[in-house]
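Presented below is the structure to which this report refers.
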């Protein structure tokens, strides 16, 4: 399948996602995109593959700032997280609707959650590289990843509800959560 056709399919998925999970079917994607169902079925044998394609679409479009040893790690992490939200912004209506529907489909939520958590892990690895190869650093990094996963879940739901033009509520929640994580780090 060529890139243009795939982009058309993803565009159809985003449009349908605004109507909720029940609209994300091969039949409806076919009708929306003009691509035959027989071509879509191998791509999306289950609904989770449609959601994974949407996650992959965001990941492929986000432009993360390059890590710099001279800039504060927290500032770079903050900018990286906000780069994801800036990339998601055109699809906010769809993401909000999907997030609401996912609360009622726990098995589907569990199926895609590792892919969502991987974004948090990638951001942590990128902006908080391990300073040394020691057991203590490994435990601290694992704890930090868990704390960041929890923080990003909380910030995600704040972003979903944040209707401010500049995402100030989202940024405030992220900033507050990062301060709490730093307090935990100082505790260890």
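Just so it is clear, none of the values below were taken in a lab; they were calculated from the coordinates. Small disclaimer: the values here were computed from a predicted structure and weren't measured. Quick reminder, even Gly has a Cβ in these numbers, built from the backbone with ideal geometry, and neighbours come from all protein chains shown.
Residues of segment 85-100 that are in contact with a helix residue (DSSP H, G or I) (Cβ under 7 Å, 6 or more places away or on another chain) and touching a residue at least 40 places away in the same chain (Cβ under 8 Å): 85, 88, 91, 94, 95, 96, 97, 98, 99. What number of residues within segment 101-110 are free of Cβ contacts under 8 Å to residues at least 40 places away in the same chain and surrounded by 12 or more Cβ atoms within 10 Å (Cβ to Cβ)? The number of residues fulfilling the criteria is 1. Residue count for segment 60-84 under the criterion of being farther than 17 Å from residue 148 by Cβ and either in contact (Cβ under 8 Å) with a residue 40 or more places away in the chain or surrounded by 15 or more Cβ atoms within 10 Å (Cβ to Cβ) (or both): the result is 0.
For beta carbons closer than 6 Å, sequence separation of 6+ or different chains, a first residue in segment 21-45 that is surrounded by 14 or more Cβ atoms within 10 Å (Cβ to Cβ) and a second that is not in a helix (DSSP H, G or I), the qualifying pairs are 26/41; 26/44. Here residue 146 passes the criteria (1) more than 12 Å from the chain's Cα centre (by Cα); (2) without any contact (Cβ under 8 Å) to a residue 12 or more places away in the chain; (3) in a helix (DSSP H, G or I); (4) closer than 30 Å to residue 22 by Cα except the one numbered (4).
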